[in-house]
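First comes the structure, then the notes that go with it.
Coordinate-derived values only; no laboratory data. All of these numbers come straight from a predicted model, not from anything done at the bench. In this analysis, Cβ positions are derived from the backbone assuming ideal geometry, glycine residues included, and neighbour counts consider all displayed protein chains.
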Amino acid sequence: MKNMISRLVVLTALVALIAGGASGVKAASAKVGEAAPDFTLADINGQSHRLSDYRGKTVVLEWFNPECPFVKKHYESGNLPRTQKGAMADGVVWLTINSGHPGAQGSYNAQEVRDWLKTHDATPTAYMRDEDGSVGRLYGAKTTPHMFIITPQGELVYQGAIDSIRSASKADIPKAENYVTSALRELKAGEPIAKANTQPYGCAVKY
């Protein structure tokens, strides 16, 4: 009887651990239509960036892994660099975040990141490592890429995929709707975001 009770206690603990995630982290608090959770991360040059310091500007958060085939699709084709440059030319702040744990796939050092960004013509406002995964979990980032858009007033107005075709094929890009570009255009025009929540696709974030 005592052994049975012990086994039940262990089983209950395992179920609770699985339900709460491997690290027991609470559910994401970022929700479209609500204030975007504040956070602070250092970029690869050692400069600290606090989300709330960008109040007054539209901010895009991009979850990233340089070795993910879906990320490669959008960078090697030029799709994400074009999206990024178009947004930033319009005054948007673009923060690229890698929430992979140290040693995970795509866990590049600072110089490797600089080389990768230069090779792929990427120019984010900042590239930041979130090695403990706290910011990724705060936002519920599931895939690379996973995109978020925050208004100048600090409201989260978009979360989801970069575009409408869930594939790793570059050939699909011209046929897809770029959700980020559409949402930024609607936001600038003062219109409601037509597709504010979409299903992200890509590689799982390597927490």
### Query
When the chain is treated as a GNM, springs tying every alpha-carbon pair under 10 Å, which of 156, 117, 80 comes out with the largest mean-square fluctuation?
117
### Query
Mean projection of the alpha-carbon convex hull of segment 31-121 over all orientations, in nm²?
6.7 nm²
### Per-residue HN-Hα couplings for segment 202-207 [Karplus 6.51, -1.76, 1.60; θ = phi - 60°; Hz; x = Gly/Pro]
x, 7, 4, 4, 8, 5
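Roughly how compact is segment 91-148, stated as its Cα Rg over 2.2 N^0.38 Å to two decimals?
Compactness ratio reported: 1.13.
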### Query
When a footprinting reagent is the concern and you count Cβ atoms within 10 Å, what order do 149, 165, 44 take, fewest first?
165, 44, 149
### Task
Determine ³J(HN,Hα), in whole Hz, for all residues of segment 142-157 in sequence, where each value follows from phi through the Karplus function 6.51 cos²θ - 1.76 cosθ + 1.60 and θ = phi - 60°; x replaces Gly and Pro.
10, 9, 10, x, 9, 10, 9, 10, 10, 6, x, 8, x, 9, 7, 10
### Query
Which whole-number percentage describes the relative contact order of the chain, with Cα contacts under 8 Å and a sequence gap of 6 or more?
26 percent
### Task
Report ³J(HN,Hα) in whole Hz for each residue of segment 40-47, in order, from the Karplus equation J = 6.51 cos²θ - 1.76 cosθ + 1.60 where θ = phi - 60°; Gly and Pro get x.
10, 9, 8, 8, 5, 9, x, 7
#### Entry: Antiparallel %, DSSP beta bridges [both residues in segment 25-204], to 5
65 percent
### Task
Anything over 19 Å Cα to Cα? Flag those among 31/85; 57/142; 57/188; 31/175; 31/195, in the order listed.
31/85; 57/142; 31/175
### Task
Evaluate 2.2 N^0.38 Å with N set to the residue count of segment 55-197, then give the Cα radius of gyration divided by it.
0.99
### Message
Going by amide H atoms built from the backbone, whose H comes under 5 Å of the H on residue 49, apart from near neighbours?
### Response
41, 42, 43
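Over segment 148-207, what per residue volume does the convex hull of the Cα atoms give, in whole Å³?
96 Å³
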